[in-house]
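In what follows, a single structure is set out as structure tokens and then discussed.
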Amino acid sequence: MVGKMNKIQAIVFSCNRAMQLQLLLTSIKRNISGIDKILVTYNYTNDGFLEGYQKLMKEELADEWVSQQNYINTKGYRDYIIGLLENKYPYVCLFCDDTVVFRKIVMDEVLQFMNDDDVITFLPRIGLNTVYSFCGGKTIVKNPWKKYEDLGRFIRWNWKEYSHCNGYPLAMGDGHVYRTPEIKSLLGKIQGKSVNGLENHLQPIKKDITRNKIVAYKHSALVSIPVNRVQTFSPQNVSGEKFSYPVERLNEAYLKGYVADFDKIDFSDIKGTHQELALPLKPS
């Protein structure tokens, strides 16, 4: 899969979610063109979840698999992550296993905008349709639009004029595209023992960023589907209010031969960067 130009690497973070990871990787294969390498870094809390990952590896949906068992929750975690960011790829795209790419993304188009010195990142989870940061059952967090530049199929805005997701340029798992040297430098300024910890510690230093623009498609192409929670760093994060799928149940179903059915998921009314959706299953 590694392309001749070696432009962009995708790094996917996963914990105990083999089935949801299978859905994400399938959606990347289906809807993103121009990614040269996909690397999955994963951890698990019992042998059942490990078995799920071992089964998924056989589907050959990623180019490289790296266990982070020896690094998660240790002081060496940050340097481990920085080491995954290969210098031969000028750009990197970061994903978390509860996201899904539901519309086309053409990386050659995206990277043209990354030539602009004012642009810090391309963000596929944002669009004019995403008027909420979170759209669950009871919990609704608004994400209102103000000023932006209309660039045809794309939009561009000053993230420093926004709060919530429109003003959130530094994240570790929502499809953000970064210049590899830049995100490595930013990570080198902080500490963190997990991917959530790294993202949390990136927030205080965003005030020092001189690039003040974010680019996105006019309609979002990726959505986070928070139907369960595996991390404990931010226990206040809401999940499973409208649709709840415990990771144990999904893993058992995956080991029995079921996968999430991308074609049956209803992406027709995406209005949040994080939005709970039903996950219909089908035999693999």
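Numbers at a glance
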| read-out | value |
| --- | --- |
| Considering residues of the stretch 53-78 that are in contact (Cβ under 8 Å) with a residue 40 or more places away in the chain and among the basic types (Lys, Arg) only, the residue surrounded by the most Cβ atoms within 10 Å (Cβ to Cβ) | Arg78 |
| Options Leu21, Leu50: the member that is touching a residue at least 40 places away in the same chain (Cβ under 8 Å) and hydrophobic (A, V, I, L, M, F, W, C) | Leu21 |
| Residue that is among the β-branched types (Val, Ile, Thr), touching a strand residue (DSSP E or B) at 6+ places or on another chain (Cβ under 9 Å) and either free of Cβ contacts under 8 Å to residues at least 60 places away in the same chain or under 22 Å from Phe122 (Cβ atoms) (or both), where the choices are Val247, Val195, Val230, Val238 | Val195 |
| Among (1) in contact with a helix residue (DSSP H, G or I) (Cβ under 6 Å, 6 or more places away or on another chain); (2) more than 23 Å from Ser33 (Cα to Cα), the one test that Lys75 misses | (1) |
| From Ile38, Ile28, residue being of a type in the set (A, V, I, L, M), under 17 Å from Lys7 (Cβ atoms), free of Cβ contacts under 8 Å to residues at least 60 places away in the same chain and surrounded by 13 or more Cβ atoms within 10 Å (Cβ to Cβ) | Ile38 |
| Test: Ala216 is out of contact with any Lys or Arg (no Cβ under 7 Å at 6 or more places or on another chain), under 30 Å from Arg78 (Cα atoms), modelled with pLDDT of 95 or more and surrounded by 13 or more Cβ atoms within 10 Å (Cβ to Cβ) | yes |
| Residue tally, condition assigned to a helix (DSSP H, G or I) and more than 20 Å from the chain's Cα centre (by Cα), over the stretch 53-78 | 2 |
| Qualifying position, being under 19 Å from the mean Cα position of the chain (by Cα) and in contact (Cβ under 8 Å) with a residue 60 or more places away in the chain, among Leu279, Leu255 | Leu279 |
| Test set (1) within 24 Å of Gly34 (Cβ to Cβ); (2) crowded, with 19+ Cβ neighbours inside 10 Å - Asn143 fails condition number | (1) |
| Count of residues meeting criterion [surrounded by 17 or more Cβ atoms within 10 Å (Cβ to Cβ) and within 17 Å of Asp79 (Cα to Cα)] in the stretch 172-181 | 2 |
| Residue ID - farthest from Arg125 (Cα to Cα), chosen from residues in the stretch 261-282 that are in contact with a strand residue (DSSP E or B) (Cβ under 6 Å, 6 or more places away or on another chain) and not in a loop (DSSP other than H, G, I, E, B) | Leu281 |
| Any chance Val119 is β-branched (Val, Ile, Thr), touching a helix residue (DSSP H, G or I) at 6+ places or on another chain (Cβ under 7 Å) and modelled with pLDDT under 95 | no |
| Strands (runs of 3 or more DSSP E) wholly inside the stretch 84-185 that include at least 3 residues being touching a residue at least 40 places away in the same chain (Cβ under 8 Å) | 91-96, 99-101, 119-122, 132-135, 154-158, 174-179 |
| Residue identified as out of contact with any strand residue (DSSP E or B) (no Cβ under 7 Å at 6 or more places or on another chain) and within 26 Å of Leu277 (Cα to Cα) among His164, His176, His219, His201 | His219 |
| Residue in the stretch 174-190 that is modelled with pLDDT under 95 and either farther than 30 Å from Lys282 by Cα or within 18 Å of the chain's Cα centre (by Cα) (or both) present | yes |
| Selected residue [in contact with a His (Cβ under 6 Å, 6 or more places away or on another chain) and at pLDDT below 95] from Ser163, Ser133 | Ser133 |
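The values are calculated or read from the model by the stated rules, or taken from the named source; none is laboratory data. Please read these numbers as outputs of a predicted model, since none were measured by experiment. Using ideal geometry, Cβ is built from the backbone for each residue, glycine included, and neighbour counts are taken over all protein chains shown.
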